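Participant: One structure follows; several queries about it will come next.
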Amino acid sequence: MTVEAAPETVRGLMRAGITHVVGIPDNTSGPLFHETARHAAIRLITVAREGEAFAIACGLWMGGASPLVVVQNTGLLEAGDSLRGTALRMAAPIPILVTGRGYEKMSRSGLGAGHGVSLASLTRGDVDSAAVLTEPTLTAWGVPYRICGEHDDPVAAIEELVARAQESERPTALVLTRALP
Amino acid sequence: MLTIAQLLEPLARHRTDEVVVTTMSVVRPWGRISDNDLDFASADSAMGHAADLALGIALARPGRGVICLNGDGSMLMSLGTLATVVEAAPRNYILVVSDNGEYEITGHQPVPAAGRIDHAALAEAAGFRNVFRFDEARAWTKRVTEVLCAPGPTFVHAVVEAGEQGPIGRGDHEQARYLRSSLAESARSVRAALTARPL
């Protein structure tokens, strides 16, 4: 498989040197899983639960590979102890692509960055609490992150994510709140 | 039942260049009989994820055997790993569940369904290529080389006696060399050892 022959997102991963994609698909990342599965240059490892993904990714890194973890923000929250006990504790340069469920609803509701977490925001019927908790949780866990929104180039952002993780030698996240190409 | 020594000593004798990942009550007993730069203790780490970490190493280094010495409590924390392993299908992966029926480290509390849940049957139903069950030392000692040579993914359910291991730390107070460095240092050390060798 040449870089030119792969779809745009997979091309970006290949340029960034990613060898394995590890995670669970959702509606946003589904096309990435689909395309990765079709191209032999990058191995797809679909896990049963998100916590597995961080430990597998750390094992891959220990073995000399360059994995990318792809999970929805709900799965990120589920995987807290695994992320803490593997990638963070090891200071492993694992790039994490977090697809952001609920960001559109959160935006429509008038809540935004810096809104803070409150019982009121977590229980509002027009808000998805997964989105409310994503960034405060990443901050609390000490995982640096950036947001990739509607006006950003997701392929460039993923390539930059990989570079940031490697440069900083720590798990680093990109929260994707828009569709992939 | 096997004692933990009866489980580990034949494995240490026949182990050649495999990576060995340990966790929980197996960590110190393995560290007493093995001092190898490809030993890694999943201690001071994420609960229930040693088998996943070992899977990652096996997938990155397909030419090298990887053995995970897991506990039954740890296995129960992430049973979905069985499906993930089968899907990934690493031929170089051996998952050993040391089943003492309890959380030994925290003071001998029984795990859920202790003595009733059949880990070998779970692995077989999940689709592991080779599944072994041992509840006495002679059969294990006799077949350990067969286990090591079988094409994986391979699962070993070993019924063992509980020991007296307490909470595991990292630092100079620990006897085993692989517990004297931090998790981050230990991970980098194994990484350096692995990447210095051919795939």
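Participant: Kindly evaluate residue B:194 against the criterion of being among the hydrophobic types (A, V, I, L, M, F, W, C), part of a loop (DSSP other than H, G, I, E, B) and within 14 Å of chain A (Cβ to nearest Cβ).
Facilitator: When the stated conditions are applied, residue B:194 does not pass them.
Here's the yes/no breakdown for (1) farther than 20 Å from residue B:15 by Cα; (2) hydrophobic (A, V, I, L, M, F, W, C); (3) surrounded by fewer than 17 Cβ atoms within 10 Å (Cβ to Cβ):
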| position | (1), (2), (3) |
| --- | --- |
| B:175 | yes, no, yes |
| B:183 | yes, yes, no |
| B:191 | no, no, no |
| B:195 | no, no, yes |
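Participant: Could you say which residue among B:86, B:96 is in contact with a strand residue (DSSP E or B) (Cβ under 8 Å, 6 or more places away or on another chain) and at pLDDT 95 or above?
Facilitator: Exactly one of B:86, B:96 is in contact with a strand residue (DSSP E or B) (Cβ under 8 Å, 6 or more places away or on another chain) and at pLDDT 95 or above, namely B:96.
Participant: Hey, residue A:86 hits all of (1) at the interface with chain B (Cβ under 7 Å from one of its Cβ atoms); (2) outside any helix (DSSP H, G or I) but one; which does it fall short on?
Facilitator: Only one criterion in (1) at the interface with chain B (Cβ under 7 Å from one of its Cβ atoms); (2) outside any helix (DSSP H, G or I) is unmet by residue A:86, namely (2).
Participant: Here's something else I'd like to know. Could you list, ordered by first residue, the pairs with Cβ atoms under 6 Å in which the first is in segment A:153-177 and touching a residue at least 12 places away in the same chain (Cβ under 8 Å) and the second is in a strand (DSSP E or B) and aromatic (Phe, Trp, Tyr), at least 6 apart or interchain?
Facilitator: Hits for this filter: A:173/A:145; A:175/A:145.
Participant: May I pose another question? Would you confirm whether any residue within segment A:27-40 is more than 14 Å from residue B:84 (Cβ to Cβ), surrounded by 24 or more Cβ atoms within 10 Å (Cβ to Cβ) and either within 14 Å of another protein chain (Cβ to nearest Cβ) or in contact with a helix residue (DSSP H, G or I) (Cβ under 9 Å, 6 or more places away or on another chain) (or both)?
Facilitator: Among the residues of segment A:27-40, at least one is more than 14 Å from residue B:84 (Cβ to Cβ), surrounded by 24 or more Cβ atoms within 10 Å (Cβ to Cβ) and either within 14 Å of another protein chain (Cβ to nearest Cβ) or in contact with a helix residue (DSSP H, G or I) (Cβ under 9 Å, 6 or more places away or on another chain) (or both), which makes the answer yes.
Participant: Select, from B:90, B:62, the only residue that is touching a Lys or Arg at 6+ places or on another chain (Cβ under 9 Å), within 12 Å of chain A (Cβ to nearest Cβ) and either part of a loop (DSSP other than H, G, I, E, B) or in contact (Cβ under 8 Å) with a residue 12 or more places away in the chain (or both).
Facilitator: One residue alone meets the criteria, B:62.
Participant: Still on this model: Away from chain A (no Cβ under 12 Å) and modelled with pLDDT of 95 or more, is that true of residue B:55?
Facilitator: Answer is no for this residue.
Participant: Under the condition of being more than 7 Å from chain B (Cβ to nearest Cβ) and under 15 Å from the mean Cα position of the chain (by Cα), which residue from segment A:41-63 is nearest to residue A:10 (Cα to Cα)?
Facilitator: Step by step, filter segment A:41-63, then rank; the result is A:44.
Participant: Separate question: Considering each residue of segment B:42-66, count those that are on the phi > 0 side of the Ramachandran plot and surrounded by 24 or more Cβ atoms within 10 Å (Cβ to Cβ), and give that number.
Facilitator: Qualifying residue count, segment B:42-66: 1.
The values are calculated or read from the model by the stated rules, or taken from the named source; none is laboratory data. Computed from a prediction, not measured in an experiment: that's the story for all the values here. Here Cβ is always computed from backbone atoms with ideal geometry, including for glycine, and neighbour counts include all displayed protein chains.
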